[in-house]
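The values are calculated or read from the model by the stated rules, or taken from the named source; none is laboratory data. Everything numeric in this text was worked out from a predicted model, so none of it was measured. Using ideal geometry, Cβ is built from the backbone for each residue, glycine included, and neighbour counts are taken over all protein chains shown.
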Amino acid sequence: MSTQSSPTLHLSHWGTFEAHKKGDRIASVTPYAKDPDPHRIIENVLSMQDHPTRIDAPYVRKGWLEGGAGPSEQRGRDEFVKVSWDQALDLVAGELQRLYAGPGPESIYAGSYGWASAGRFHHAQSQLKRFLSVAGGYVASVNNYSFGASAPFLSRVIATEAQWETKATTWKSIAENAELVVAIGGLARKNSAIANGGAVHHDLVSWLQTARDNGVEFVGISPLRDDMPAQTDARWIPIRPASDGALLQAIARELIEKDLYDKEFIANYTVGFDLFAESVADKTPEWAAQICDVDPQTIRDLAEAMATKRTFLTMSWSMQRQQYGEHTMWLGVCVAAMLGHIGLPGGGFGHGYASTNRVGHSEMAFGLPTFSKGHNPVRTYIPVSRISDMLLNPGEQYSYDGKTLTYPDIKLVYWAGGNPFHHHTDLKRLREAFGRPDTIVVHDSAWTSTARHADIVLPATLSIERDDLGAAITEDVLIPMHKIVEPYGEARDDFAILRGLAQRLGCDEAFSDGLDTDAWLERIYTKFTDKYAARGHTLPSWQQFWSSGEPLPVPKADPDRVMHSEFRDDPQANPLRTPSKKIQLQSDEIEDFGYDDCPGTPMWRAPDDWDNRNDFPIALIANQPKTRLHSQLDPGDYSAESKVGGREPVRMHPGDAAERGISESDLVQISSPRGWCLAGVVLSEDLKPGVAQLSTGAWYDPDEDGNCIHGNPNVLVRDIPVSSFSRGNVGQHVQVQIAAYAGPPPPITVWSPPPGAGRR
Ligand SMILES: Nc1nc2c(c(=O)[nH]1)N[C@H]1C(S)=C(S)[C@@H](COP(=O)(O)OP(=O)(O)OC[C@H]3O[C@@H](n4cnc5c(=O)[nH]c(N)nc54)[C@H](O)[C@@H]3O)O[C@H]1N2
Ligand SMILES: Nc1nc2c(c(=O)[nH]1)N[C@H]1C(S)=C(S)[C@@H](COP(=O)(O)OP(=O)(O)OC[C@H]3O[C@@H](n4cnc5c(=O)[nH]c(N)nc54)[C@H](O)[C@@H]3O)O[C@H]1N2
Ligand SMILES: [Mo]
């Protein structure tokens, strides 16, 4: 198919934009005209389309090419050698053949976690999994970094994972029916910039404005004031990070003390109240105040307001990306149950509102266009954030969700569409783990740190360099994504790369069904329109849709949906999938798993990290970045503009900075027991004193010891599980010390290609 004449509409996870070309590159982007609140992240593609860090050709690590496959500490330190596509594909195919013939598919890890790009066909992870499924199989991962603790946990006490994202009470219902919204972890506008699969209409702020106009009151409980958009006019309750469980316990106790809880709801829809009540009997507001640094009267007033108004209690996903995060969430469920508003319009419990532009929006009526990632014959998997544990401890047994699992012995790691040296914690440990396998293969469009730690690096296109079909589940349009520019250098689409491998392994027919990209797009689209037609919605033909270049409206489902309304209406006919078929305020099932760090009655426990508070007194929030999606396009225009002295900005309270002789824009060294990173200071009164904030996503730029001179907080964060139950990641928090950096600033190297690579 051909390139459209400019401007061309394009869908990305962070928004929809029109690209305007000058010659053969994109000269400017403008937000989609119907997006009410676009985000500047769309600008990052401008300089990234042909940035020096784009991978121009296939490369092989010198030590691997010369010495062959095997464990190596040289990964991330070695030079690269440019090779032809044929040579690169022969090498990867040879490794796969060697391992399938020898130790078998359980030696290949392809969880390949990551966000990749928007577009229903060129989804890197799906393409890779489809290919490896027909090639012989692979070890997979379950859950995600986003809500890896709540996904398995909440399904055992109230509702399944999917419901929190896709069956959530709508913003419309909240704006029209709530009286009070209490947002633990806030409702940050920056996070609503993105949606998995693409964002078209950014309407968080307009819903919040409508709610406010209707008289809804907002309370934001967070260490950062600006987690609540100004439109909410919110009351800010600054709280010490990782202490919310204690606050919730005190609220529960207050509701009991003042006889403010809904006894009928507790009796009809929950089990375990007596044990729960006993567990909070001594959790007075005075007790909680010591832990949370929130004054006892504020806790009492909040409990009373929540009990007397139609209340929606929402907790951001960040609330469970911390040690014991399952129980923090559980306490939120318990308080919401005591309020008795679950299942009523505008009331109840929510998880992840504003964490993306998805939760709280109704969905396309009959699902999305889909591309199948096939059927993996291998059953072995890991909870996704146990990557280092797996590579470092083959054969070791561990617990997960009531089961005992064993780490496989991985010889080859294959990653396409993700960046573990962005997303995983304790990067020095990950470096050590990445030294263990025989071979690491990475597809990416840029020299991310993961690509630099690989043996075979295959250059992938950006989404602007290929035709695709754009669609996201909570939007009401499909977008024809016409290729805008030619691929950079020798870059290929993941599909084309994997087809090259499939041909070598003799499984091309099973992988591609003999279809090229054009035929696949038509097939995916037509399957989708057939499904809608069967339900009475006729949509145009593929040719009409594609040649129009315009968004295609698609019907949506119930805009007034209320989560758990069916359960509330008739709990016998619509039971929950918990052991009691009701909301579990206590759980024998979880108690019987026997995890000391995840017992069967909701608890608050201080994270172990608090033991370090004498030496590391600052609570660092490592949250999502405002100026990009994770690490994607970090050297891009908007992301680069936010850097301070070329480093990632760290926000500090002026008081904490003054105590340390630190001023605005200073270069600082942030240390934890695991290592340090550098960052550039931004002073802000919007932080609770004692808290600093360094977002994720600065490309890891290690010194000899693995410390990061650019500002990646994952050098600092611990690689421990949330608990023995979920084994999710604790990326959100770490205790640190911050000091002015004395020496001459070391030059950033990660925004140039690694040794041996790049165009000359
Ligand atoms: N400390 C801390 N760490 C965190 C978090 C935190 O709160 N604190 N949050 C976590 C969360 S919630 C998440 S979801 C993860 C995100 O972690 P990731 O999803 O791994 O992060 P991304 O930077 O989005 O990585 C996507 C990669 O895919 C590449 N890519 C994009 N499109 C394509 C394509 O078409 N083909 C190929 N081959 N590659 C492509 C991009 O260049 C990029 O390198 O990070 C987690 N890490
Ligand atoms: N712009 C942008 N948006 C994104 C992303 C991105 O990379 N960039 N990533 C997306 C992804 S993959 C995900 S999963 C979501 C994640 O969504 P979230 O997990 O909700 O996002 P975070 O920004 O990590 O955290 C939200 C806020 O929680 C607050 N917080 C942290 N710890 C505590 C605590 O202990 N108590 C309280 N009360 N508050 C706390 C912090 O102030 C933080 O700003 O974001 C998505 N949105
Ligand atoms: Mo995420």
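Condition check for VAL335 on (1) under 22 Å from SER587 (Cβ atoms); (2) within 16 Å of ligand 3 (Cβ to nearest atom): one failure, at (2). Considering the conditions (1) in a loop (DSSP other than H, G, I, E, B); (2) more than 16 Å from ligand 1 (Cβ to nearest atom); (3) farther than 28 Å from VAL271 by Cβ, LYS283 is excluded by exactly one of them, (3). Just the residues that are touching a Pro at 6+ places or on another chain (Cβ under 9 Å) and either at pLDDT below 95 or assigned to a helix (DSSP H, G or I) (or both), please, taken from region 210-226. The one that is touching a Pro at 6+ places or on another chain (Cβ under 9 Å) and either at pLDDT below 95 or assigned to a helix (DSSP H, G or I) (or both): ARG225.
Taking ARG386 as the residue in question, decide whether it is within 22 Å of PHE147 (Cβ to Cβ), basic (Lys, Arg) and within 16 Å of ligand 3 (Cβ to nearest atom). Spelling it out, it is not the case that ARG386 is within 22 Å of PHE147 (Cβ to Cβ), basic (Lys, Arg) and within 16 Å of ligand 3 (Cβ to nearest atom). Checking ASN623, ASN612 one by one, the residue that is touching a strand residue (DSSP E or B) at 6+ places or on another chain (Cβ under 8 Å), at pLDDT below 95 and either within 30 Å of LEU694 (Cβ to Cβ) or buried (at least 20 other Cβ atoms within 10 Å of the Cβ) (or both) is ASN612 and no other. For GLN163, the stated conditions hold: it is more than 16 Å from ligand 2 (Cβ to nearest atom) and surrounded by fewer than 24 Cβ atoms within 10 Å (Cβ to Cβ).
Applying the set (1) modelled with pLDDT under 95; (2) more than 16 Å from ligand 1 (Cβ to nearest atom) to GLU165 leaves exactly one unmet item: (2).
Residue count for region 125-144, restricted to those that are surrounded by 23 or more Cβ atoms within 10 Å (Cβ to Cβ) and within 16 Å of ligand 3 (Cβ to nearest atom): 1. Test GLY185 against the stated conditions and say whether it is within 16 Å of ligand 3 (Cβ to nearest atom), within 23 Å of GLN320 (Cα to Cα), at pLDDT 95 or above and in contact with a Pro (Cβ under 7 Å, 6 or more places away or on another chain). For GLY185, the condition - within 16 Å of ligand 3 (Cβ to nearest atom), within 23 Å of GLN320 (Cα to Cα), at pLDDT 95 or above and in contact with a Pro (Cβ under 7 Å, 6 or more places away or on another chain) - is not met.
All of GLN584, GLN572 fail the test of being assigned by TED's automatic domain parsing to the domain that holds LYS263, buried (at least 19 other Cβ atoms within 10 Å of the Cβ) and of a type outside the set (Lys, Arg), apart from GLN584.
Residues that are closer than 30 Å to LEU91 by Cα and in contact (Cβ under 8 Å) with a residue 24 or more places away in the chain number at least 2 in the following helices (runs of 4 or more DSSP H) confined to region 501-556: 508-512, 517-534.
With respect to (1) away from ligand 3 (no atom under 16 Å from the Cβ); (2) within 23 Å of THR380 (Cβ to Cβ); (3) touching a Ser or Thr at 6+ places or on another chain (Cβ under 7 Å), the lone exception for GLY63 is condition (2). Whether a residue is over 15 Å from GLY347 (Cα atoms), of a type in the set (Val, Ile, Thr) and in a loop (DSSP other than H, G, I, E, B) was assessed, and VAL205 does not pass this test. So is LEU430 crowded, with 23+ Cβ neighbours inside 10 Å and more than 16 Å from ligand 3 (Cβ to nearest atom) or not? Criteria met by LEU430.
Among the residues here, MET306 does not qualify as touching a residue at least 24 places away in the same chain (Cβ under 8 Å), within 16 Å of ligand 2 (Cβ to nearest atom) and in contact with a His (Cβ under 6 Å, 6 or more places away or on another chain).
The helices (runs of 4 or more DSSP H) falling completely within region 1-101 that include 1 or more residues that are in contact with a Lys or Arg (Cβ under 8 Å, 6 or more places away or on another chain) map to 45-48, 85-101.
Take the conditions (1) surrounded by fewer than 21 Cβ atoms within 10 Å (Cβ to Cβ); (2) hydroxyl-bearing (Ser, Thr, Tyr); (3) part of a loop (DSSP other than H, G, I, E, B); THR169 misses just one of them, which is (1).
Okay, residues lined up against (1) touching a strand residue (DSSP E or B) at 6+ places or on another chain (Cβ under 6 Å); (2) of a type in the set (Val, Ile, Thr); (3) over 20 Å from SER385 (Cα atoms); (4) in contact (Cβ under 8 Å) with a residue 12 or more places away in the chain:
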{"residue": "SER684", "(1), (2), (3), (4)": "yes, no, yes, yes"}
{"residue": "VAL691", "(1), (2), (3), (4)": "yes, yes, yes, yes"}
{"residue": "THR696", "(1), (2), (3), (4)": "no, yes, no, yes"}
{"residue": "CYS708", "(1), (2), (3), (4)": "yes, no, yes, yes"}
{"residue": "ASN714", "(1), (2), (3), (4)": "no, no, no, yes"}
{"residue": "VAL717", "(1), (2), (3), (4)": "yes, yes, no, yes"}
{"residue": "SER723", "(1), (2), (3), (4)": "no, no, no, yes"}
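Let me confirm something: among ASP282, ASP262, which residue is away from ligand 2 (no atom under 16 Å from the Cβ) and free of Cβ contacts under 8 Å to residues at least 60 places away in the same chain? Unique residue meeting the criteria: ASP282.
Within region 628-661, which residues are in a loop (DSSP other than H, G, I, E, B) and away from ligand 1 (no atom under 13 Å from the Cβ)? Listed by number, the residues that qualify are SER642, LYS643, GLY645, GLY646, HIS653, ARG660, GLY661. A count restricted to region 585-626 and to residues that are within 16 Å of ligand 3 (Cβ to nearest atom) and in a loop (DSSP other than H, G, I, E, B) stands at 5.
Listed here are the residues, each with its yes/no results for (1) out of contact with any Asp or Glu (no Cβ under 6 Å at 6 or more places or on another chain); (2) on the phi < 0 side of the Ramachandran plot; (3) not polar (S, T, N, Q).
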| residue | (1), (2), (3) |
| --- | --- |
| ALA124 | no, yes, yes |
| ALA135 | yes, yes, yes |
| ALA149 | no, yes, yes |
| SER155 | no, yes, no |
| THR169 | yes, yes, no |
| ILE174 | yes, yes, yes |
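Would you check if ALA118 is of a type in the set (A, V, I, L, M), in a loop (DSSP other than H, G, I, E, B) and within 16 Å of ligand 2 (Cβ to nearest atom)? In short, yes.
Are any of the residues in region 517-535 closer than 23 Å to THR8 by Cα, modelled with pLDDT of 95 or more and small (Gly, Ala, Ser)? Yes, region 517-535 contains a residue that is closer than 23 Å to THR8 by Cα, modelled with pLDDT of 95 or more and small (Gly, Ala, Ser). Of these, ALA491, ALA534, ALA472, which one is more than 27 Å from GLU165 (Cβ to Cβ) and among the aliphatic types (A, V, I, L, M)? Only one candidate qualifies: ALA491. Restricting region 229-276 to residues that are of a type in the set (Gly, Ala, Ser) and in contact with a helix residue (DSSP H, G or I) (Cβ under 6 Å, 6 or more places away or on another chain), the residue that is surrounded by the fewest Cβ atoms within 10 Å (Cβ to Cβ) is SER243.
Listed by first and then second residue, the pairs with beta-carbon distance under 7 Å, at least 6 apart or on different chains, first residue in region 84-96 and crowded, with 20+ Cβ neighbours inside 10 Å, second assigned to a helix (DSSP H, G or I), are LEU89/GLY500; LEU89/LEU501; LEU89/ARG504; VAL92/LEU501; LEU96/ALA135; LEU96/LEU505.
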